[in-house]
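> Got a structure here, written out as structure tokens. Questions coming.
The values are calculated or read from the model by the stated rules, or taken from the named source; none is laboratory data. Note that this is a predicted model, so its numbers are computed, not measured. Virtual Cβ from ideal backbone geometry, glycine too; neighbours counted across all protein chains shown. For accessibility, only protein heavy atoms count, side chains too; no ligands or nucleic acids. Shrake-Rupley method; radii C 1.70, N 1.55, O 1.52, S 1.80 Å.
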Amino acid sequence: MKIWAIANQKGGVGKTTTTVTLGGLLAQQGKRVLLIDTDPHASLSYYFGIDSEQLSVSVYDVFVADKLNADVVLDCLCPSRLDSLFILPATMALATLDRSMGMQNGKGLILKNALKFVQQEFDYVLMDCPPVLGVLMVNAVAACERILVPVQTEFLALKGLDRMMHTLEIMEKTQKRRFDVTIIPTMFDKRVNAAIDAHNVLLEQYGQQVWDGVIPVDTRFRDASQAQTPASVYSPRARGVYAYAKLLKTLQQETTK
Amino acid sequence: MSKGGAFAKEGLMEDYLSSLLDEGPETLEKDPVAKLIESVPLQVEIEQPDVIEPVQPQVTTKDIAEAVDKVNEEQQAAEAHHVASASLQETLDDEFQALFFDVAGLTLAVPLITLGGIHNLEKVNPLIGKPDWFMGVMIHRDEKLTSVDTARWVMPEKYTEKLAESLNYQYLIMLGNSAWGLACEKLINTVVLNKDEVKWREAHGKRPWLAGLVKDKMCALVDVDQMISMLEQGLGSNDL
Ligand SMILES: Nc1ncnc2c1ncn2[C@@H]1O[C@H](COP(=O)(O)OP(=O)(O)OP(=O)(O)O)[C@@H](O)[C@H]1O
Ligand SMILES: [Mg+2]
């Protein structure tokens, strides 16, 4: 089971879009995929038409379970329109975890432990993070093998990236491990010089860690989210989807070698 | 890549993360997050995403997360006040990143930690009764950004009508947390600099906004806080 976290402390950079689109593509490859929504705003859950406030259980129940086992996790899953794609939805209640757990040792490892129980059930787990450093993001990052960091190709976003990378550095130190980090330039508009400049700066500063492609600006992503369908299904021939497919190929090649 | 020290409360940050990630038996005596929260005022709002967000539910308790997130901004603010006494040279890490940009053939650099952001220059509304280098106010998401005609401010002696006509301002480089922005023609790049690569100027000299010269590029490194303070007082670049 491969576990990826999609994280960036900056908001609106394409985390949820990346999670959904890669998840859709993987499911279309026939992989068994679990998408975990760790954002109290529940935009990933909403993307799949799940009204998180109507649910009886969610990832919140995993976080507060007295004792974790496979059923606790499996009971919370929602199916999607794609056969092999499941969602572990979020709820607003997640927002209270920072207060109730932020003080307790070991509370950053709950998701990591929970995922051990469903290792046999899925080929890929993708976790969408909130744009905030806190218990939820720490859990996702601690549980994953690979971190995807979407970053908008503009100077303001690069500044936020620096902060994100520094957080990861500290976590590497405390967890005594190295993360596999892939920075993904998103919403790239090749007609805008500032975007080209920002992309160059990104390559210059983070060279090796930056995926060598870009995700272009593509209005189909917004259309797809309105249709509550992964863009890979909604608009399989869109440029943006094509770019994500290329990204996925790179990630899968790196993972197997 | 980030050159250390990105968080003011680096130690607290490490405590926070290592307690969350502690695999050992639970102990409750240590309470780094509480410490962190005490050290950070909570009223400041979270950084807003640049893109329209889905409807936001009424999230009530993100305080800790916000606190952690705020540490950086606090630090920047703290540094900003600091600079009045400490020089930019003392404030910066040995290695720091700077954004280079162009105005009328002149290259200027600002350290990224003092960069408030970059905007595309849009419609600027002039105000009367202001110094000539005051281009006007640009509205960006209900915020009023005051644009400075950088060429005119930095080199009034070279500012001719011909130069004025040739200027093609495209971006606004925001200074620190202030509403002041320098109009610029071209963004060049962001470069990691070592302090040794800068020829620092003596403190208390004329033109305090000029922190030094980036040696191999022969361009001016801007002391953003000093510049803000001069702009606030309506001073030109040579007026001190
Ligand atoms: N490549 C793209 N081209 C055009 N629009 C995009 C692209 N990627 C994402 N978007 C749109 O940008 C907005 C923000 O994207 P998304 O929700 O994925 O970001 P996020 O990082 O998850 O945000 P948040 O931090 O709020 O959770 C959405 O409206 C989405 O449809
Ligand atoms: Mg999101």
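> So which residues in region A:197-222 are away from ligand 2 (no atom under 16 Å from the Cβ), in contact with a helix residue (DSSP H, G or I) (Cβ under 7 Å, 6 or more places away or on another chain) and not β-branched (Val, Ile, Thr)? Can you show your working first?
Residues of region A:197-222 that are away from ligand 2 (no atom under 16 Å from the Cβ), as a first pass: A:197-214, A:216-220.
Of the ones still in play, those that are also in contact with a helix residue (DSSP H, G or I) (Cβ under 7 Å, 6 or more places away or on another chain) are A:198, A:201-202, A:210-211, A:213-214, A:216, A:218, A:220.
Within region A:197-222, A:198, A:202, A:211, A:213, A:216, A:218, A:220 meet the criteria.
> I've got another one for you. One residue is enough: does region A:116-125 have a residue meeting the conditions within 16 Å of ligand 1 (Cβ to nearest atom) and open to solvent by less than 10 Å² (accessible area, probe 1.4 Å)? Break it down into steps so the answer makes sense when it comes.
Step one: list which residues in region A:116-125 are within 16 Å of ligand 1 (Cβ to nearest atom), which gives none.
No, region A:116-125 contains no residue that is within 16 Å of ligand 1 (Cβ to nearest atom) and open to solvent by less than 10 Å² (accessible area, probe 1.4 Å).
> Also: May I ask you to say which residue of A:72, A:57, A:64 is under 18 Å from residue A:134 (Cα atoms) and among the aliphatic types (A, V, I, L, M)? Spell out how you get there, then give the answer.
Details: A:72 fails: under 18 Å from residue A:134 (Cα atoms); A:57 fails: under 18 Å from residue A:134 (Cα atoms).
Every option except A:64 fails the conditions.
> A further question on this structure: Out of everything in region A:137-166 that is of a type in the set (A, V, I, L, M), without any contact (Cβ under 8 Å) to a residue 60 or more places away in the chain and within 30 Å of residue A:113 (Cβ to Cβ), what residue ends up being farthest from ligand 1 (Cβ to nearest atom)?
The initial filter retains those residues of region A:137-166 that are of a type in the set (A, V, I, L, M), namely A:137-138, A:140-143, A:147-149, A:151, A:156-158, A:161, A:164-165.
In the following step, the residues that additionally are without any contact (Cβ under 8 Å) to a residue 60 or more places away in the chain were identified as A:138, A:142, A:156, A:158, A:165.
If we keep only those that are within 30 Å of residue A:113 (Cβ to Cβ) too, we end up with A:138, A:142, A:165.
Details: A:138: 16, A:142: 19, A:165: 16 Å.
By that ranking, first place goes to A:142.
> To continue, here is another question. So in region A:11-31, with the set limited to residues that are part of a helix (DSSP H, G or I) and away from ligand 2 (no atom under 16 Å from the Cβ), which one is most open to solvent (accessible area, probe 1.4 Å)? Break it down stepwise before answering.
Step one: filter region A:11-31 for residues part of a helix (DSSP H, G or I), giving A:15-28.
Applying the additional criterion that residues be away from ligand 2 (no atom under 16 Å from the Cβ) yields A:25-28.
Working: A:25: 27, A:26: 0, A:27: 14, A:28: 98 Å².
Per the criteria, the residue is A:28.
> Since residue A:62 meets every condition but one in (1) closer than 20 Å to residue A:115 by Cα; (2) crowded, with 24+ Cβ neighbours inside 10 Å, which condition does it not meet?
Condition not satisfied by residue A:62: (2).
> Here's something else I'd like to know. What helices (runs of 4 or more DSSP H) completely inside region A:191-234 contain at least 2 residues that are within 11 Å of ligand 1 (Cβ to nearest atom) and open to solvent by 10 Å² or more (accessible area, probe 1.4 Å)?
Answer list for region A:191-234: A:220-226.
Conditions tested, residue by residue: (1) surrounded by fewer than 21 Cβ atoms within 10 Å (Cβ to Cβ); (2) under 30 Å from residue A:28 (Cα atoms).
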{"position": "A:79", "(1), (2)": "yes, yes"}
{"position": "A:87", "(1), (2)": "no, yes"}
{"position": "A:95", "(1), (2)": "no, no"}
{"position": "A:113", "(1), (2)": "yes, yes"}
{"position": "A:155", "(1), (2)": "no, no"}
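> Moving to a separate point now. How many residues does region A:167-187 contain that are open to solvent by 30 Å² or more (accessible area, probe 1.4 Å) and within 16 Å of ligand 1 (Cβ to nearest atom)?
1
> Condition first: more than 14 Å from ligand 2 (Cβ to nearest atom) and within 14 Å of another protein chain (Cβ to nearest Cβ). Now tell me which residues in region A:32-54 satisfy that. Full working, then the answer.
Step one: of region A:32-54, the residues more than 14 Å from ligand 2 (Cβ to nearest atom) are A:32-34, A:49-51, A:53-54.
Result: A:49, A:50, A:51, A:53, A:54.
> How many residues does region A:147-166 contain that are facing another protein chain (nearest Cβ under 8 Å) and closer than 26 Å to residue B:19 by Cβ? Steps first, please.
The first filter runs over region A:147-166 and keeps only residues facing another protein chain (nearest Cβ under 8 Å), leaving A:152, A:154-160, A:162-163, A:165-166.
Remaining after also requiring closer than 26 Å to residue B:19 by Cβ: A:160, A:162-163, A:165-166.
Matching residues across region A:147-166 total 5.
> Look through B:227, B:218 and report the one residue that is surrounded by fewer than 12 Cβ atoms within 10 Å (Cβ to Cβ) and aliphatic (A, V, I, L, M). Don't jump to the end; show me each part of the working.
Values: B:227 fails: surrounded by fewer than 12 Cβ atoms within 10 Å (Cβ to Cβ).
Exactly one of B:227, B:218 is surrounded by fewer than 12 Cβ atoms within 10 Å (Cβ to Cβ) and aliphatic (A, V, I, L, M), namely B:218.
> Hey, among the residues in region B:134-165 that are of a type in the set (Ser, Thr, Tyr) and out of contact with any strand residue (DSSP E or B) (no Cβ under 6 Å at 6 or more places or on another chain), which one's most open to solvent (accessible area, probe 1.4 Å)?
Looking only at region B:134-165, we keep the residues that are of a type in the set (Ser, Thr, Tyr), and these are B:146-147, B:150, B:159-160.
Of the ones still in play, those that are also out of contact with any strand residue (DSSP E or B) (no Cβ under 6 Å at 6 or more places or on another chain) are B:159-160.
Numbers: B:159: 47, B:160: 71 Å².
Top of the filtered list is B:160.
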